[in-house]
Amino acid sequence: MRILMVSDVYFPRVNGVSTSIQTFRRGLHAAGHETVLVAPSYPSGNPPADDAIRVASRYLPRDPEDRLMKPSAVRELIPQLRDRHFDLVHVQTPFVAHYEGVRIARALNLPVVETYHTYFEEYLHHYIPMLPRALMRYLARRFTRSQCRMLDAMVVPSSAMEQALQAYGVECPMHIIPTGMEMERFAGGDGARFRERLDIRPGQPALVHVGRVAHEKNIDFLFRMFALVLKEQPNAILIVAGEGPALPHCKAYAASLGLTANMRFVGYLQRDTELLDCYKAGDLFVFSSKTETQGLVLLEAMALGTPVVSLAYMGTADIVNVERGARVAPENEAEFARIVLQLLKDPARRAELSQEARAYAATWSSDAMVSRLLTLYRSVVAAGPVSKNPADRNRLASSPV
């Protein structure tokens with residue numbers, strides 16, 4: 001099978017969408033299938049040995065990490081893509097990639113599938129704060145319904161995301177297929193080396209948070225929680241790995257709470273080396289985002305044996321609610337801190353949770369998720385592209401990008 005993927009984001013931009021695309025592509029290639037990815041070029045350069053078709057892009061206001069592909073540059077690819085004889089188009093993001101991916105599918109008479117990676121209802125108001133939050137929610141829901149009418153099927157990474165889209169009134173067939181864990185890539189890691197690099201002594205309590213440092217990630221909650229932890233464990237350290245538009249705010253907010261001496265902001269880390277060390281350096285992995293459609297970093301931490309303490313909202317609930325290798329905390333800083341302190345004081349319980357975490361992460365194997373995705377692909381290809389009504393074609397012709 002030949003699959004054309006189209007995305008507004010990919011490495012070197014580090015986030016869950018890039019990771020998901022890479023993981024599924026590796027799994028599909030290992031199963032004997034071909035994928036071709038169309039993605040934006042980045043001014044910082046693309047990763048070595050990158051096999052994506054890179055498209056000219058421009059700066060995206062209020063989000064300097066991301067790029068906006070030029071729609072005309074994507075359309076210019078259609079003649080060469082036609083010669084590749086693809087079986088379907090899989091769109092990964094809802095901006096230029098959605099509209100041009102659907103346009104390519106129509107031009108090549110192919111079915112089109114899209115993954116809904118991002119919970120935009122709780123996302124957009126952070127980036128367009130001048131508009132009322134209620135209006136942004138209304139626009140996000142209307143925008144989503146409009147786009148979904150152009151699709152033959154949709155992939156969602158969690159049951160919570162499926163329920164949210166059903167509440168929007170989305171009628172497109174939805175299939176829950178989370179991103180799988182490449183367990184062989186999450187082995188090893190040298191926590192002691194990472195601790196030494198950050199001047200964290202052996203035995204000194206350390207909490208780890210990995211993820212994009214963005215306003216919608218609710219990281220301020222973790223800082224307030226950590227301030228309470230320090231009252232009983234004044235030498236504890238909180239490691240924050242990742243970058244993003246909220247990084248200056250987070251550093252300033254941590255300083256305002258008197259946390260600076262106990263914080264380690266380490267930025268982006270090499271995924272196959274430094275990131276593994278970072279996860280292993282923590283006694284616990286802490287997470288408070290309420291907008292995750294899956295929460296892949298939780299599984300990554302667990303695969304390396306680091307127990308998780310997390311809120312259980314949206315996609316993270318599917319991972320942590322079973323409480324295997326994880327403890328669910330309420331959205332209350334004092335109660336979250338109480339659970340963290342309880343585990344920091346109980347190394348035997350942490351060791352039990354570490355074993356549970358590794359075993360549980362393995363149940364989310366990449367092979368199993370790729371198999372589910374292939375089943376969807378085959379059913380969509382067998383059915384052929386659904387005939388879209390004129391209203392849908394008009395929406396495509398007047399797309400905002």
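At 25 °C and 0.890 mPa s, what whole-number value in µm²/s does Stokes-Einstein give for the translational diffusion of the chain, with Rh from the Kirkwood sum over Cα pairs?
Details: Rh = 22.0 Å.
Taking Rh from Cα pairs, D becomes 111 µm²/s.
Convert each backbone phi in the range 354-369 into a coupling constant with the Karplus relation 6.51 cos²θ - 1.76 cosθ + 1.60 (shift: θ = phi - 60°), then list the ³J(HN,Hα) values in order as whole Hz, x for Gly and Pro.
4, 5, 4, 4, 4, 5, 5, 4, 5, 6, 9, 5, 4, 4, 5, 6
Provide the net charge surrounding Asp8, with neighbours chosen by a C-beta distance below 13 Å and charges set as Lys +1, Arg +1, Asp -1, Glu -1.
Here the count lands on 0.
Would you mind telling me the antiparallel percentage of the DSSP bridges in the range 183-362, rounded to 5?
Counting DSSP beta bridges with both partners in the range 183-362, the antiparallel share is about 5 percent.
What 222 nm value per residue comes from the helices of the chain, counting each DSSP H run with n ≥ 4 as -39,500 (n - 2.57) and dividing by all residues, nearest 500 deg cm²/dmol?
Details: 17 runs with 176 residues, N = 401.
One gets -13000 deg cm²/dmol as the mean residue ellipticity at 222 nm.
Using a Gaussian network model on the chain with a 10 Å cutoff between Cα atoms, which of Leu60, Leu311, Leu28 fluctuates the most?
Sorting by GNM fluctuation, first place goes to Leu60.
Give me a comma-separated list of calculated 3J(HN,Hα) values for the range 307-322, in order, Karplus coefficients 6.51, -1.76, 1.60 applied at θ = phi - 60°, integers in Hz, x for any Gly or Pro.
Going residue by residue, I get x, 10, 10, 8, 5, 10, 10, 6, x, 5, 4, 4, 8, 9, 4, 6 Hz, with x marking Gly and Pro.
For Tyr377, what is the net charge nearby, where nearby means another residue's Cβ is under 15 Å from its Cβ and Lys, Arg count +1, Asp, Glu -1?
Details: positive: Arg2, Arg25, Arg372, Arg378; negative: Glu34, Asp87, Glu114, Asp152.
Around Tyr377, the charge tally is 0.
Please work out the C-alpha center-to-center distance from the range 366-381 to the range 209-284 and express it in whole Å.
Distance between centres, Cα-based: 37 Å.
Considering Cα pairs under 8 angstrom that are at least six residues apart, work out the relative contact order of the chain and quote it in whole percent.
Details: 743 pairs, mean separation 63.6, N = 401.
Once divided by the residue count of the chain, the mean separation gives 16 percent.
Normalising by the residue count of the range 183-362, find the relative contact order in percent from Cα pairs under 8 Å and 6+ residues apart.
Relative contact order for the range 183-362 comes out at 25 percent.
May I ask what percent, to the nearest 5, of DSSP beta bridges between residues of the chain are antiparallel? Spell out each step's value before the answer.
Working: 4 of 43 bridges.
Within the chain, antiparallel bridges account for around 10 percent of the total.
Can you figure out the FRET efficiency of Ala368 with Tyr168, using R₀ = 30 Å and their beta-carbon distance, to the nearest 0.05?
Values: r = 28 Å, r/R0 = 0.94.
Efficiency, from the Cβ-Cβ distance: 0.60.
Around Ser365, which amide H atoms from residues at least 5 apart in sequence, or from another chain, sit under 5 Å from its own amide H, with H modelled in the peptide plane?
Residues meeting the amide H criterion: Met181.
In terms of modelled amide H atoms, which long-range or inter-chain residues lie less than 5 Å from the amide H of His90?
Close amide H contacts, sequence-distant or interchain: Leu4, Met5, Val6, Val113.
Can you list, by residue number, the Cys in the chain that have no neighbouring cysteine C-beta under 4.7 Å?
Cysteines of the chain left without a disulfide-compatible partner: Cys250, Cys278.
How large is ³J(HN,Hα), in whole Hz, for each residue of the range 197-202 in order, when computed from phi with the Karplus curve 6.51 cos²θ - 1.76 cosθ + 1.60 and θ = phi - 60°, using x for Gly and Pro?
4, 9, 6, 10, 6, x
What is the local net charge at Leu108, summed over the other residues whose Cβ is closer than 13 Å to its Cβ (Lys, Arg +1; Asp, Glu -1)? List each step's numbers first, then the result.
Values: positive: Arg2, Arg75, Arg82, Arg84, Arg103, Arg106; negative: Asp83, Asp87, Glu100.
Summing Lys and Arg as +1 and Asp and Glu as -1 gives +3.
Read the figures in this text as sums done on the coordinates, not as results from a lab. These numbers come from a predicted model, not from an experiment. Note that each Cβ is placed from the backbone with ideal geometry, even for glycine, and that neighbours are counted across all protein chains shown.
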